[in-house]
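See below for the structure under consideration.
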Amino acid sequence: SFDGAMLSVSSYGPYWRNLRRVAAVQLLSAHRVACMSPVIAAEVRAMVRRMNRLAATAPGGAARVQLRRRLFEFSLSVLMETIAQTNTSRSEADADTDISPEANELTQISQEIMPHLGTANLWDYLPFLRWFDVFGVRNKLMAAVRWRDAFLRRLIDAERRRLDDGGDSEKKSMLAVLLSLQKSEPELYTD
């Protein structure tokens, strides 16, 4: 959790209040959500087009669709598009999937980390076992965290390049909003 730097795990105080202000005013305001509605509509159209194409190629014009998978991919694609504008990396060759490569990588990272978060391990009862990493949990978690950090760094660097090239201020991703805040108020937001 980035050493307690996230809004959900941060201690109450000036830092938490600043995070809450940024989340409420900059990222999740009614205006910002309204700016994201075309992204959601485009993702719905893309999902319907893919299912239509799947049905057209199926015998009899009807195809079986795993709706749970499609809706999960849809929500993940919307999330990645609003956070980092990853729609441009998706190719039409991936006709069967509604997910961008970045969203797919985020899913893989989450699937690597999640099993270790909720499990009660012996470290909770015998803290000296942390020194030995008996079951290799620490190494697995550290590898997944390094993978996650590299992934996020790639997204941030891509957004910085997009901002340097001059992007549309209305269609900024959440990362672009945070980077512009970092540029305008560097004393509050560090890298």
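The values are calculated or read from the model by the stated rules, or taken from the named source; none is laboratory data. On a predicted model such as this, the values are computed, not experimentally measured, just so you know. Glycine also receives a Cβ, built like all others from the backbone with ideal geometry; neighbour counts cover every protein chain displayed. Surface accessibility is based on the protein's heavy atoms, side chains included, excluding ligands, DNA and RNA. Shrake-Rupley method; radii C 1.70, N 1.55, O 1.52, S 1.80 Å.
Entry remark, region 75-117: residues being part of a loop (DSSP other than H, G, I, E, B), at pLDDT below 70 and surrounded by 15 or more Cβ atoms within 10 Å (Cβ to Cβ) number 3 in total.
Suppose the filter is modelled with pLDDT of 85 or more and either farther than 18 Å from residue 81 by Cα or in a loop (DSSP other than H, G, I, E, B) (or both); does residue 158 pass it? So residue 158 fails the test. Of the residues making up region 1-58, those that are in a helix (DSSP H, G or I) and on the phi > 0 side of the Ramachandran plot are 2, 3, 4. Could you tell me whether any residue of region 118-126 is assigned to a helix (DSSP H, G or I), open to solvent by less than 80 Å² (accessible area, probe 1.4 Å), at pLDDT below 85 and under 27 Å from residue 26 (Cα atoms)? No - not one qualifying residue is present in region 118-126. Whether any residue in region 52-74 is surrounded by 14 or more Cβ atoms within 10 Å (Cβ to Cβ), touching a residue at least 40 places away in the same chain (Cβ under 8 Å) and more than 18 Å from the chain's Cα centre (by Cα) is what I want to check. Yes, region 52-74 contains a residue that is surrounded by 14 or more Cβ atoms within 10 Å (Cβ to Cβ), touching a residue at least 40 places away in the same chain (Cβ under 8 Å) and more than 18 Å from the chain's Cα centre (by Cα).
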